[in-house]
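Input: a single structure, listed below in structure tokens.
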């Protein structure tokens, strides 16, 4: 079945709420066993929309789906998953099969209205509660996202939860760099995921793989995930695994990607019990620069950290990790550290060219272990630990200095670390606060 939204008489003026017309069209598709709903050029303001199996939402060039500015327009459903205390979504599906969003159109999250106009002293624009995510699919199969763009998301942009057989191609997500907690793509407990030829830019993580705390029916490992030929930009991690790791994460390949203008290139953070294994990163270029201090990271090309979030929960190991055939510039260092020796093991770094440069911002020579760190909320998530200041240092809790100055590679508690053809270029003479030793291994 093929329907056009024009037949359902939306206002298409960008201000009048078109939720009812859009949902009637989607429900008619569902009643007839599925098909395509084409959204023609125009500006359509909407609250929550629910998608059904065997359906395609096709946004034609010139079509703009605008997220409502009002929280009450997202109260039609509450997602099973939670992100930063939010259970709202613009586009939602649960337990469906064969779902597609496609076209050359755009989804605009209208994110500015959900944040304070001014930044605090850590560079953080305080958000309103209950911001909506743009796309949330839970326990769905055969998901395709292709061709369209998403801009100005007020919250996590695309959150795929416990989905299988996901194909993402030529997707553009371009969020404001002043709005935190706006991850571009979150792959949460999903299996068989292919992401290619896409552009992701956000103040928070560009791509993040995680296994969050969730209802038992949605609990599973994240595995068989391939990312290729993508451009990634982030004030946090360009590509991140964790920090929410309640279940295993394994068989992840990231290749032929460009990581630019990012605070951290690759970040792997184990905190909550799940083991990470067989993680391969190759043929990458990176430019890592310091971001405002509210964002985790200190311009690290590769950062691997295993530390408990909850003192009662031992974090899972990170093992069988490769970082090879990479070249780039960074204001920080390669950093691998485990609170318990041996929790990072079997690591290969090979054929890497690292050019370390002087930062124009303060903080060079520091590294960032967040989360956890805030003593007032030792097991807290996200904003509980993002930018709480330690009055003794004036820095965020969790920001520490390298013991002997900035090295090129820092490793602590790592078992079976091997590197070869790791070429490092550093300023001459060496700036104050830099370690004379390039490779510091405890």
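Points worth noting:
- Of the residues in the stretch 212-222, not one is within 14 Å of the chain's Cα centre (by Cα), surrounded by 24 or more Cβ atoms within 10 Å (Cβ to Cβ) and outside any strand (DSSP E or B).
For (1) at pLDDT below 95; (2) over 26 Å from residue 204 (Cβ atoms), each residue gets a yes or a no:
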{"site": "34", "(1), (2)": "no, yes"}
{"site": "37", "(1), (2)": "no, yes"}
{"site": "40", "(1), (2)": "no, yes"}
{"site": "44", "(1), (2)": "no, yes"}
{"site": "53", "(1), (2)": "no, yes"}
{"site": "109", "(1), (2)": "no, no"}
{"site": "112", "(1), (2)": "yes, no"}
{"site": "115", "(1), (2)": "yes, no"}
{"site": "120", "(1), (2)": "yes, no"}
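- The residue of the stretch 351-383 that is farthest from residue 411 (Cα to Cα), among those that are surrounded by fewer than 15 Cβ atoms within 10 Å (Cβ to Cβ) and modelled with pLDDT under 95, is 376.
- Lone qualifier among 305, 262 - being in contact with a strand residue (DSSP E or B) (Cβ under 6 Å, 6 or more places away or on another chain) and over 24 Å from residue 213 (Cα atoms): 262
- Residue list for the stretch 290-322, restricted to those being assigned to a strand (DSSP E or B), within 20 Å of the chain's Cα centre (by Cα) and more than 25 Å from residue 404 (Cα to Cα): 318, 321
- Of everything in the stretch 407-442 that is assigned to a loop (DSSP other than H, G, I, E, B) and under 29 Å from the mean Cα position of the chain (by Cα), the residue that is surrounded by the most Cβ atoms within 10 Å (Cβ to Cβ) is 407.
- Under the condition of being under 16 Å from residue 100 (Cα atoms) and crowded, with 19+ Cβ neighbours inside 10 Å, the residues counted in the stretch 6-33 number 4.
- Of all residues in the stretch 147-177, those that are more than 15 Å from residue 207 (Cα to Cα) and in contact (Cβ under 8 Å) with a residue 60 or more places away in the chain total 3.
- Checking residue 348 against (1) under 17 Å from residue 304 (Cα atoms); (2) modelled with pLDDT of 95 or more; (3) part of a loop (DSSP other than H, G, I, E, B), the condition it does not meet: (3)
Quick grid of which residues meet (1) on the phi < 0 side of the Ramachandran plot; (2) free of Cβ contacts under 8 Å to residues at least 40 places away in the same chain:
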site	(1), (2)
258	yes, yes
273	no, no
282	yes, no
297	no, no
308	yes, no
314	yes, no
317	yes, no
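- Qualifying residue in the stretch 261-271 (condition: farther than 15 Å from residue 335 by Cα and in contact with a helix residue (DSSP H, G or I) (Cβ under 7 Å, 6 or more places away or on another chain)): no
- For the stretch 157-177, the count of residues that are modelled with pLDDT under 95, assigned to a strand (DSSP E or B), over 17 Å from residue 240 (Cβ atoms) and touching a helix residue (DSSP H, G or I) at 6+ places or on another chain (Cβ under 8 Å) is zero.
- Each residue in the stretch 260-280 was checked for being crowded, with 24+ Cβ neighbours inside 10 Å and in a strand (DSSP E or B), and 10 pass.
- Of the residues examined, residue 354 is not one that is within 16 Å of residue 303 (Cβ to Cβ), part of a strand (DSSP E or B) and over 25 Å from the mean Cα position of the chain (by Cα).
- Test for residue 390: is it more than 26 Å from the chain's Cα centre (by Cα), over 18 Å from residue 333 (Cβ atoms) and modelled with pLDDT of 95 or more: no
- Pairs, first at positive phi in the stretch 129-141, second in a loop (DSSP other than H, G, I, E, B), C-beta under 6 Å, six or more apart: 130/88; 139/95; 139/162
The values are calculated or read from the model by the stated rules, or taken from the named source; none is laboratory data. Predicted model only: the values in this text are computed from it and were never measured. With ideal geometry, Cβ positions are generated from the backbone for all residues, glycine too; neighbour counts draw on all protein chains shown.
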